[in-house]
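What follows is a single structure, written as structure tokens, with notes after it.
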Amino acid sequence: MKKIISVLVENKFGALNRVATMFSGRGFNIHSISIGVTEDPEVSRMTIVTSGEANILDQVIKQLNRLIDIIKVIDLSAEHHVARELAMISVNYQKGIRSEIMNICEVFQGKVVDITIKSITIEVTGPPDKIDAIINMLTPYGIKDVARSGLVALKREEQIIIKPKKEVTIS
Amino acid sequence: MSQTHREMNGAEIFLESLRKEGVDIIFGYPGGAVLGIYDKLYDCDFIHHILVRHEQGAAHMAEGYAKATGKVGVVLVTSGPGATNTVTGIADAYMDSIPIVVFTGQVPSKLIGNDAFQEADIVGITRPITKHNFLVREVDELAATIKKAFFIASTGRPGPVLVDMPKDMLAKITKFIYPDHVEIRGYKPTYSGHSQQIKKAANALRKAKRPLLYVGGGVVMSNADRELTLLARETGIPVTMTLQGLGSFPMTDDLSLGMLGMHGTFWANMATENCDLLISLGARFDDRVTGNTETFAKDAYKIQVDIDPTAIDKNVKVDLPIVGDLKNVLAELLTELAEKPVTTDFTDWWSMINKWKDACPLEFENSDGKLRAQYVLQRLSKMTKGEAVVVTDVGQHQMWTTQWYEFNHPRSHITSGGLGTMGFSVPAAIGAAFAIKDRPVISISGDGGFQMNMQELITAAAYKLPIKFIILNNSFLGMVRQWQDLFYKEKYSFTDLSKTNPNFVKVAEAFGCKAMSTDNPAEVDGLINEMMEYNDGPVLVEFKVVKEEMVFPMVPSGGSIRDIMVKRLDPNRLV
Ligand SMILES: Cc1ncc(C[n+]2csc(CCOP(=O)(O)OP(=O)(O)O)c2C)c(N)n1
Ligand SMILES: [Mg+2]
């Protein structure tokens, strides 16, 4: 079973290391981990993708909560959430296949971010299975390099009706 | 702030902060990175600094002190080797949830990461074995960091905290402001149990026919021994204790089944196997207790009370978890039960237990004129009336102590359980002896483990501590020998110390202790008397005991009660 866990952590020296140490020390799996600062500069958000039996995943969450620097642990798999990953894929560029690659890129709503005579680099975001799919599609052309960000995710807020914003007039 | 705060350097701030925490004793060893503190300690009249002989000794002393008193034990050492020497003690405190704070010196801030002289990344090294640790990066943070360290070490599930202090932090000057409270967003231990869950527990108790209280070190830590005793006595429910739980309930009480687990009593283990309600109080279902988790109390409804949510369901799935401080939870449970008591008659349950007791009592050969460790411990228990603070090491003597010394008070049994650290007893007893003045402190070691920290005898002698050091010398690494005997076809690989043990009496005398030795059962009472009456300083008594003796009963590692060995069996059965 896979689980996505969102962790709010004090933005302190060694915090990421504490989490990594705990995972390795207890033999828990980490598929991906991504970290970045939140709206509060003293707090970072980690998104961790882990897997294991249900009882192990329970322990993962409890052990995360036990770390002093961790403020909040949210089991996103148990909630409605949005999860995205960003990938950059660099593909061999040969004459004549440019439009094919561009087509694939377009279908996946990717962007070309770099192009040389030898390679073309595409940026794409989406749920991990979409990233897997585009990588699959591009593989026959010869992939040179892939960099994936790991998952970032947020809980979906309760559906609320948003009032139309007042128009701002600049005088 | 209108109040004026005195300017001080970091070293002074360190000492003043300890004063604010009510610390009056620290165990330490000087070195380059902490010279600033030692300079101020020289003139300090409110902190008693105990000079140890090895930093591992300091860490175990702090543990012994903390276990004997419930207060935080404090260690001060230098950077690099000073810091790394404390690692075993820190790991030990982590496994047994002992509140200690270890202060380490560090190379100056600007040299960190440069492989500077006596630099070790002690924060990195101890991350997985501390409850939390800190590197002080600004002198302005020093006081607040110390406040946090003590708060974290002593609250919730206690544990070791390390504070690493670069040398320049001790020299820099700032205003001393000691915060009066701490706020850590990510750390809010739960103290009161969920009332609904406690009501359910009371109901389960009222319905059970064969209930059992399974008591761990948490009861001692939360000072809930009175509540436990009330609960047991008012309901008539039997009590079994883990290694760390011993002392929380009097072993001389009829309701006590003694210790359970690998070397627990047969009847405690049978009761665990056959109970229909298991109430775990501050215990953690350690593998030395459960053996095979699949069969452990398999038909019982399981209630688990613990302050640490990670302890719940970790090894064994329970039916009713209660997260909270045991003292509060038990008090609330008692109130529930006062309204509607347990009225079940447990006569049948007790007659089952008594049958197991008769079937397989604890016993040892006592008529061949040879001296056995069990006999020494039995006499020691009788002659001290179970009133001493007993600090054991790790091995056979440790298990025999649980079987033959009748502990009647919390904090009177101190031992390394989780980590199983040989060399623990001598320094831990010293730490306890600095705090305990109204009861004798007795250290019991094997001949192997004694040699791991025997240098601290001189610390005991230097401070004239009236500690009774006992060596149960079986000329072997006895517990390992036992496993080699049972599971490795009697191949005693590197466990025979008979030709290479030192002369323990001479060793003790060289370290300033009075010392005696015997191998004669007839002399045991006399020597114990002499030892107990000598109070001018430390005294050591070596009892030369037979080497072949094994600790029984024994549930082999990972086994169940069905695999219990009550005497030596064919080794091939278990290999
Ligand atoms: C530091 C350390 N090293 C090794 C061990 C493994 N070990 C467990 S018990 C034991 C033998 C202890 O021998 P001794 O101190 O003579 O006590 P006895 O079992 O003979 O009573 C050993 C080596 C340990 N627990 N701790
Ligand atoms: Mg021995």
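What the Cβ-Cβ distance of B:ILE177 and A:GLU79 gives, at R0 = 41 Å and to the nearest 0.05, is a FRET efficiency of 0.45.
Determine the alpha carbon to alpha carbon distance for each of B:LYS468/B:LYS547; A:LYS72/B:LYS317; B:LYS385/B:LYS506; B:LYS207/B:LYS357 and list only those over 28 Å. Pairs exceeding the cut-off: B:LYS385/B:LYS506.
Measuring r between the beta carbons of B:LYS489 and A:ASN136 and using R0 = 60 Å, the FRET efficiency lands at 0.60. Spin-label model, B:ASN354 to B:TYR42: label points 7 Å out along the Cα-to-beta-carbon direction sit 7.0 nm apart. Going by accessible surface with a 1.4 Å probe and the largest first, B:HIS132, A:HIS81, B:HIS181, B:HIS48 read B:HIS181, B:HIS48, A:HIS81, B:HIS132.
Using equal-weight Cα scatterers in the Debye expression, the normalised intensity of region A:82-155 in log10 at q = 0.15, 0.17, 0.22 Å⁻¹ is -0.45, -0.56, -0.90.
For the protein assembly as shown, a simple Cβ point-charge model (Lys and Arg +1, Asp and Glu -1, everything else neutral) yields a dipole of about 1320 debye relative to the Cα centre. Label-to-label distance, A:ILE115 versus B:ALA338, with points set 7 angstrom from Cα along the beta-carbon direction: 8.3 nm. Taking a straight line from the alpha carbon of B:LYS489, these aspartates and glutamates sit under 13 Å away, with near neighbours fewer than eight places off in the same chain left out: B:ASP570. The share of alpha-carbon pairs in chain B lying farther apart than 44 Å comes to 20%.
Secondary-structure-derived ellipticity at 222 nm for the protein assembly as shown, considering helices only, amounts to -9500 deg cm²/dmol, per-run term -39500 (n - 2.57) for DSSP H runs with n ≥ 4. For the pair A and B, how large is the buried accessible area, both sides, in square angstrom to the nearest 100, if the probe is 1.4 Å? About 1700 Å² of accessible surface is lost on pairing.
Net charge dipole, region A:82-155: roughly 100 debye, given to the nearest 20, about the Cα centre with Cβ charges of +1 for Lys and Arg and -1 for Asp and Glu. Hull volume per residue, based on the alpha-carbon atoms of the protein assembly as shown and their convex hull, is 247 Å³.
Pairs of C-alpha atoms in region B:384-512 farther apart than 23 Å represent 33 percent of all such pairs. Restricting the calculation to alpha carbons of chain A gives Rg and Dmax of 19.9, 61 angstrom.
In terms of accessible area, using a 1.4 Å probe and ignoring ligands and nucleic acids, B:PHE150, B:PHE266 rank largest first as B:PHE266, B:PHE150. Sorting the Cα pairs of region B:360-446 by distance into bins of 5 Å, from 0 upward, gives 3, 14, 25, 24, 19, 9, 4, 2, 0 percent per bin.
The accessible-area loss of region B:120-145 on complex formation, taken against its chain alone with a 1.4 Å probe, reaches 30 Å² or more at B:ARG127, B:HIS132, B:ARG137. Residues B:PHE494, B:PHE407, ordered by accessible area of protein heavy atoms at a 1.4 angstrom probe radius and largest first, appear as B:PHE494, B:PHE407. Counting Cβ atoms of other protein chains within 10 Å of each residue's Cβ and taking the mean over peptide A:16-29 gives 1. Excluding same-chain neighbours fewer than eight residues apart, the aspartates and glutamates reachable from B:LYS147 by a Cα-Cα span under 12 Å are B:GLU16, B:GLU21, B:ASP180, B:GLU183.
Highest average first, the peptides A:22-28, B:487-493, B:15-21 ordered by how many other beta carbon atoms sit within 10 Å of their residues are B:15-21, A:22-28, B:487-493.
Remark on B:GLU542: its backbone amide H falls under 5 Å from those of B:ILE471, B:MET516, B:SER517, B:THR518, a criterion applied only to residues 5 or more positions apart or on other chains, H modelled at 1.01 Å from N. Based on the reciprocal of the average 1/r between different C-alpha atoms, the Kirkwood radius for region A:2-79 equals 12.4 Å. Once the 1.4 Å probe is applied to the protein heavy atoms, the protein assembly as shown comes out at 44 Å² accessible per residue. The Cα center of region A:15-68 and the Cα center of region B:536-566 differ in position by 42 Å. The antiparallel fraction among DSSP beta bridges confined to the protein assembly as shown stands at about 45%. A probe of 1.4 angstrom, applied to the heavy atoms of all protein chains, finds A:GLU106 with accessible area near 140 square angstrom. When the solvent-accessible area of region A:2-79 is split by element, carbon and sulfur atoms take up 50 percent of it, the probe being 1.4 Å. Distance distribution P(r), region A:53-104, all Cα-Cα pairs, bin width 5 angstrom from 0: 4, 12, 14, 13, 11, 8, 6, 7, 10, 10, 5, 0 percent.
The values are calculated or read from the model by the stated rules, or taken from the named source; none is laboratory data. Computed from a predicted structure; not experimentally measured. Counting neighbours? That spans all protein chains shown, and the Cβs are built from the backbone with ideal geometry, glycine included. Just the protein is used for accessible areas: all its heavy atoms, side chains included, with ligands, DNA and RNA removed. Shrake-Rupley method; radii C 1.70, N 1.55, O 1.52, S 1.80 Å.
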